[in-house]
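Just below is one structure, and these are the notes that go with it.
No value in this document is a laboratory result; all are computed from the given coordinates. Here the structure is a predicted model, which is why all the values come from computation and not from measurement. Reconstructed Cβ throughout: ideal geometry from the backbone, glycine too, with neighbour counts over all protein chains shown.
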Amino acid sequence: MSQLVTYNGIVGYVLEEQRKSLGYDQAHVAKTAGISQPVLSRLEKGKAAITIDQLFLLSNVLDLDPYEVIQKAQNYVKTFEEDNGVQVTTSKQSDDVQKSGIQGSSLLAGAAIGVAFSMLLNKK
């Protein structure tokens, strides 16, 4: 079974990981950044694409430079791509695979990305 991870999912994971490391809940980060908590939740789960505005607002609240978010995401992409079982793709490509009903592909999102990443690191 091949597993898919979207770029949106990886960026969301980076944001969630940083938020949790700072001990913030979603409500605090969302309010401070000026976005709604449901929007933040969708971003962290990779269900929505982050805008440049949101990236800058959230990076500021999470004590990160926007470049750091992208760099961390890129490092995760490289790690996933090194493992043949995980394909990093766009949300559109992932949706196309899911809609086509191709058997044997599963989309990782939210906490599943963290689990998969931890498993990959432990393999090495």
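Quick notes on this one:
- Think of each Lys and Arg Cβ as +1 and each Asp and Glu Cβ as -1; about the Cα centre, that makes the dipole of segment 39-88 roughly 240 debye.
- Potential extension, VAL39-GLN74 segment - 0.36 nm per residue separation minus Cα distance: 10.3 nm
- The Rg/Rh ratio for segment 1-77 is 0.96, where Rg is the radius of gyration of the alpha carbons and Rh is the Kirkwood radius.
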